[in-house]
Amino acid sequence: MTEHEEGLRVLAPRSTAQRISRRYFLQGSAVALFSSSVLLAACGSDDTTGGGGESPSGGTGGVPTDLEDQLNFYHWAEYDDPKLFKQFTNDYGPTTKIDIYASNEEMIAKLSAAQGTSGYDIVVPTGVYIPQMVQLDLLAELDLSKIPNFSNLETQYTNQPWDPNNAHSVCKDWGSTGYIWDTTIIKRDIATWSDFIDVAKNEASGSTSVLDAPADLCGIYFWANGIPWTTTNQADLDACEQFTVNDLAPHIKAYDSYPGIALTQGNYALSQVWNGDARQGLIAVQDKDPNRYKWGLGAPKTELWMDNWCILKEAQDVNAAYAWINFILTPEISLKDLEFHGYNTGIKDVKEQAEAADLPYLDIVFFDDAQVATMEAGAVNSAQQQIVDIWDKSKAASGA
Amino acid sequence: MSAGTVTTARASEATAAPPRHKVDLTNIALTVWGVLVYVFLFLPIVMIVAFSFNKGRALLAWEGFGFDWYKGLPHNDVILGTISTSLKAAVGAAVIATVLGSLAGIALARRPGKWTILFMALVFLVLVTPEIVDAISLLIWYVRIKGPFAPVPGGGTDLLHPVNYGLLRLWVGHALFATAVVTLIVRARLAGLDESLEEAAADLYASPWRTFRQITLPLMLPAVLAGALLSFSLSLDNTIISTFVHGAGATPWPVYVFSAVRSILRPEIAAASTLLLLLTLVALGLVALVLKRSGDSAEDVARTMAGAG
Amino acid sequence: MAGTATAGDVTRPRRRVRAPRWSLAIPAWVLLVSFFVIPVLWIVWYSFGEKPNLFQTISTEHLSFGRYAESLDATGPFRRVFVGTLQISILGTLFCLLIGFPFAYWLAVRVQQRWRGLLLALVIVPFWTNFLVRTIGWRILLGPQGPLSTLMQNMGLRESPLAILDTRSAVQLGVVYNYLPLMILPLFVALDRLDPALREASKDLGAGRWRTFRQVTLPLAMPGVIAGTLLVFIPLTGDYITAQVLGGAKGNMAGRMVADQFLVAQNWARGSAMAMLLILMILLTLGIGALIGLGICALVRRARRVDLSDVETVPA
């Protein structure tokens, strides 16, 4: 018989007897492990609970006192200055949480799949998708009286055809699409989308990136061939599919909606890009190699997209949402945001203010009337199904 | 006999060249291979740790050495929030998976019957199904049954929603695969152990509960511990299921990193990852220390941690 | 109702009522059935549906195999993705085996006993870091302006920046890296359990090192090889994270295709059908692999069979 340290006699081989006493050590260590990680988790969550109802600072007017504790965003990546979220929490109280999507289609898919259980309050769709979202009963009707700063917006950016009288949305910013390229690899100038396609198939074959958005991808073909971007003509759509999936897709290196910085790091030679993102890429290298990369606005035609603040119908922090929208429409705040993301926020006189603040690359932020005349607003119409299919198939074809 | 001469010829052939020289060559080759594999395994981790000290704004563009991003971490509510969510989810999932899996493992090992085949088939199915299928099916299912898996109207918690719905979704989603794994580990461990100890306890008038508590449980504890550790780490790592089912504002850490990959990577992610790695090493070291003190050899310890013992 | 009586019942009449044999497994059963079986069955049901219009994701009014046909259509792009996924996963498993087996052998057989624990733990440490973060580490290393590219250019091995990122090869490398520990561990366990006496006996009987390996070590390590292959192949085929981080548009894996159907295209029926096809593909490959394995086993056994009819029997 073997002796056990606790005086218990066990009819067992020594090794097993040792294991039986290990129980106590293991119980203790297991408790220690779990409690320490729970402690850590609790510490983490403590950091994120901000104080509520603190007194405001700065000239944003009276702060409503009935704001909720939290505000959940379903948002694009890196689209607002994180300092502004902090400032909002300091001035108004609600802590902000942001989840990210990469395309409007993804956002709508997630929201409609969740059927009102997503838990988000504010969402930022591109204007042309709003009618679809309204039809899917996702958006709340806005009470503009709760957004006094609405009057700061230039009237031409309000009352858009896809949302008459701003019933569901308020302009966040607007921008366009073009191309950015590495001049050491691509020696010629890219003036039009046809040039873009030609370069993509030759010098930049296998080093080209396109936007990870169905409508923008199809736009390459339509704009290059003078076809209206919103066409529903079946022949046009089939031609676009044939071109994109069979001609263009094999040359594509990545579907990247934020290629600006990646391109200036050498990942791509040519990218289809939104203007603000191209600007971020150029700013990143403006001290080292300012002339190596060039940006061009899409020609002869390109898109005009407008992103908007919307409140979801299922939102549980409605007052906080209104407070945020009002906050972001303040001219000083709006300028700070513009400095961060590089898109025209549509606030009155923001261009003059930006010039006064001597911000770089303003020609990529503000467009003149001639340029704006070449921009088309998109639409989500009966062609949408096929547009998304083309994108889907193109991705599959590129990966083969 | 001819066979005998063949044997001796072979033996002499083997000893013809000096044995020391032959052994050294293969040994050296294998050792070199081993070292290369270690380098391979640690290379990207070294990269992450190194680039966490990148001063620049973009992770992939090195702009000089600095602690900037580490200093900024305590103020980065977003990252801290996601890590906190992940830890909370991992603890919950590990508890569920360990308890359920251990019970099932005991039942499979000690009380097999006709039901065993059905249950093993279920476990096998869980292990064979790709994670993406789990993810999409859970998303559809959670939305369908709502209940505690949907947010409470007006926020907060109530009787029907005792836990934050996002957390509950993660617990259940992560626990599925982990339960199957723990079941197998515990079953394997118990099946390898002789039932005679338990029978002896029964013969000595111990109640089934006492037998379990003082005999069975300690014997299978390494397996349970390994299962718990594995479930914890699987849950922390889980990306695909988390992407689909997480609730608003309860984004787990891998989902955050994944969306950063698709937009812009910042060095703060590398900094947070380095700290998490240190935390993991400390935790592993702690468990190893405990196991070692209770009599396991170093090898047994390593095997327990690998879930292979 | 008491369960079946055990031997103890006869000697101790005060036995209490026992719960049914399988009762301990009930909680796990409930969890798995309610949150795995039923949801997946729902997906199977959906896979026979269709996308009725732009705004709705699924309709099961008209059931058909249409979505399966779409996904497998030879003229369509989806089939290529399935084939490509299989390529990457089979090659990946093979590479893991080729890299992992010598390593596991070295660790289990050649390394001295006292170092084994530490070295094994070192294998596990990368496994315990976050999957995604490890893969990002490769992105850092392989980037066109990353350390490897700079090193190769400075050493004159390359003229232009390294262009391996966002290609198929990068994905292949990434998956091998991520699943290597899962191959090494079961191989190690199997080789570790091998009795060294068996190998010594083989040497004593005059077998050369290679022959010992082929006829003693390898067959006995087979359970480990099989376990490792399963542990690597199955999750690898369904994984798309590695491909998305390292592969750009290339290396589009089937898992990502399924995810896109749900996350972007909003075509749940097609997504469900693709998910089913993915499972079938895995099971089919495993089945074929098992058959091939059994076939090889049978052939090897045939070849090794010692025909005793020719041997002269020595009179007793």
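Just so you know, all these numbers are worked out from the coordinates, no wet-lab data involved. Just so it is clear, the model here is predicted, and its values are computed rather than measured. Virtual Cβ from ideal backbone geometry, glycine too; neighbours counted across all protein chains shown.
Quick notes
- Gyration tensor (alpha-carbon) shape descriptor, the range B:72-136, a/c threshold 1.5: oblate
- Sites C:Leu299 and B:Leu125, calculated FRET efficiency, Cβ-Cβ separation with R0 35 Å, nearest 0.05: 0.65
- Stretching A:Leu362 away from A:Thr231 to a fully extended chain increases their span by 43.9 nm, per 0.36 nm per residue minus the current alpha-carbon distance.
- Using θ = phi - 60° in the Karplus curve 6.51 cos²θ - 1.76 cosθ + 1.60, the 3J(HN,Hα) couplings for the range C:87-97 round to 4, 4, 6, 5, 4, x, 4, 4, 4, 4, 5 Hz; x is entered for Gly and Pro.
- Prolate/oblate/rounded call for the protein assembly as shown, Cα gyration tensor, a/c under 1.5 rounded: prolate
- Shape category assigned to the range C:41-289 from the gyration tensor of Cα positions, a/c cut at 1.5: oblate
- Inter-label distance for A:Val372 and A:Asp289, nm, one decimal - labels placed 7 Å from Cα along Cα-to-Cβ: 3.6 nm
- Relative protection proxy for B:249-261, C:208-220, from highest mean packing down: B:249-261, C:208-220 (other beta-carbon atoms within 10 angstrom).
- Approximating the spin labels as points 7 Å out from Cα along Cα→Cβ, the A:Asn246-to-A:Asp66 distance works out to 6.2 nm.
- Mean per-residue shielding of peptide B:59-65 is 5, counting Cβ atoms of other chains within 10 Å of each Cβ.
- MRE, 222 nm, helices only [DSSP H, n ≥ 4, -39500 (n - 2.57), over chain C, to nearest 500]: -21000 deg cm²/dmol
- Euclidean distance between Cα centres, the range B:76-92 to the range C:54-125, Å: 29 Å
- Put in line by how crowded their Cβ is, counting other Cβ atoms within 10 Å and starting with the fewest, C:Cys297, A:Cys218 read C:Cys297, A:Cys218.
- Residue by residue along B:106-119, Cβ atoms of other protein chains within 10 Å of the local Cβ number 4 on average.
- Phi angles across the range A:126-131 convert, under the Karplus curve 6.51 cos²θ - 1.76 cosθ + 1.60 with θ = phi - 60°, into 3J(HN,Hα) values of 6, x, 5, 8, 5, x Hz, Gly and Pro given as x.
- Each residue, B:Asp203 and B:Arg144, gets one label point 7 Å from its Cα in the Cβ direction; the gap between the two is 5.3 nm.
- Across the range C:262-272, computed HN-Hα scalar couplings (Karplus, 6.51 cos²θ - 1.76 cosθ + 1.60, θ = phi - 60°) run 8, 8, 10, 6, 6, 10, 5, 5, 5, x, 5 Hz from first to last residue, x flagging Gly and Pro.
- Among the listed pairs A:Lys201/A:Lys395; A:Lys146/A:Lys351; A:Lys172/A:Lys393; A:Lys83/A:Lys336; A:Lys253/C:Lys51; A:Lys301/A:Lys348, those beyond 20 Å (Cα-Cα): A:Lys146/A:Lys351; A:Lys172/A:Lys393; A:Lys253/C:Lys51; A:Lys301/A:Lys348
- Cβ-based net charge around A:His251, under 14 Å, with every Lys or Arg adding one and every Asp or Glu removing one: 0
- As a rough footprinting exposure proxy, the listed residues C:Val306, A:Val170 were ranked by other beta carbons within 10 Å of their own, and the order from fewest upward is C:Val306, A:Val170.
- Sequence-distant residues sharing a close amide H with B:Leu59 (under 5 Å, placed H): B:Leu265, B:Arg266
- Taking the fewest neighbouring Cβ atoms within 10 Å as the starting point, the ordered list for A:Leu270, B:Leu30, B:Leu286, A:Leu211 is B:Leu286, B:Leu30, A:Leu211, A:Leu270.
- Shielding score for A:141-149, defined as the mean number of other chain Cβ atoms within 10 Å: 0
- Shown is the FRET efficiency for C:Glu200 and B:Phe67, computed with R0 = 60 Å from the Cβ-Cβ distance and rounded to the nearest 0.05: 0.60.
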